[in-house]
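First comes the structure, then the notes that go with it.
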Amino acid sequence: MADQIRQLAEQTKSFTEEITRIVNELNQNADEVVRSVDSSMEATEKQNGKIHSASEAFEKLNQNMTGLIQGVNDISRQIFGLSDSNNRIVDNIAHLSAATEEVTASAEQVQDMSEHNLVYAEDVKTAISQIRDRTERMQQDM
């Protein structure tokens, strides 16, 4: 009977040590994931800044193109004999303006996606923190 109790005590100790080792590994893995998510969040924030800057640059370019189209239209009205050439220039500028607007819209979409990714990364970080807290509580309860 005493041998059985001693064996059970040794098994319990062994299992407790194994559980402690597993919990420690889980905590280490959670810490690594948190660091990785933090790094991803920083990169996403930097990317958002660059996308925002690019979007502003495209918006300024679009405004400049709009002003240029207006100037070309004024010249076209003043120089009747060159209307065919001026019309071609205006058409090309309009195409360029449309392309610029498409690029600006794409940049804004990328920015929106990056913002959504940042929200998702923050959710993952929160979930990992909750898992780590629960794991630590489990470890304390042992």
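Suppose we filter Glu108, Glu32, Glu45 for residues that are in contact with a Ser or Thr (Cβ under 8 Å, 6 or more places away or on another chain) and open to solvent by 80 Å² or more (accessible area, probe 1.4 Å); which single one remains?
Glu108
Looking only at segment 90-105, which residues are open to solvent by less than 80 Å² (accessible area, probe 1.4 Å) and in contact (Cβ under 8 Å) with a residue 12 or more places away in the chain?
Answer for segment 90-105, where residues must be open to solvent by less than 80 Å² (accessible area, probe 1.4 Å) and in contact (Cβ under 8 Å) with a residue 12 or more places away in the chain: Val90, Ile93, Ala94, Ser97, Thr100, Val103, Thr104.
With Ile51, Ile69 as the choices, which residue is under 16 Å from the mean Cα position of the chain (by Cα), β-branched (Val, Ile, Thr) and at negative phi?
Ile51
Please tell me if Ser40 is under 11 Å from the mean Cα position of the chain (by Cα), under 24 Å from Ala121 (Cα atoms) and either surrounded by fewer than 11 Cβ atoms within 10 Å (Cβ to Cβ) or of a type in the set (Gly, Ala, Ser) (or both).
Criteria met by Ser40.
Among Asn27, Asn64, Asn87, which is more than 21 Å from the chain's Cα centre (by Cα), farther than 26 Å from Thr135 by Cβ and either at pLDDT 85 or above or not in a helix (DSSP H, G or I) (or both)?
Step by step, each of Asn27, Asn64, Asn87 is checked, and only Asn64 is more than 21 Å from the chain's Cα centre (by Cα), farther than 26 Å from Thr135 by Cβ and either at pLDDT 85 or above or not in a helix (DSSP H, G or I) (or both).
The values are calculated or read from the model by the stated rules, or taken from the named source; none is laboratory data. Computed from a prediction, not measured in an experiment: that's the story for all the values here. Virtual Cβ from ideal backbone geometry, glycine too; neighbours counted across all protein chains shown. Ligands, DNA and RNA are excluded from the accessible area calculation, which covers all protein heavy atoms including side chains. Shrake-Rupley method; radii C 1.70, N 1.55, O 1.52, S 1.80 Å.
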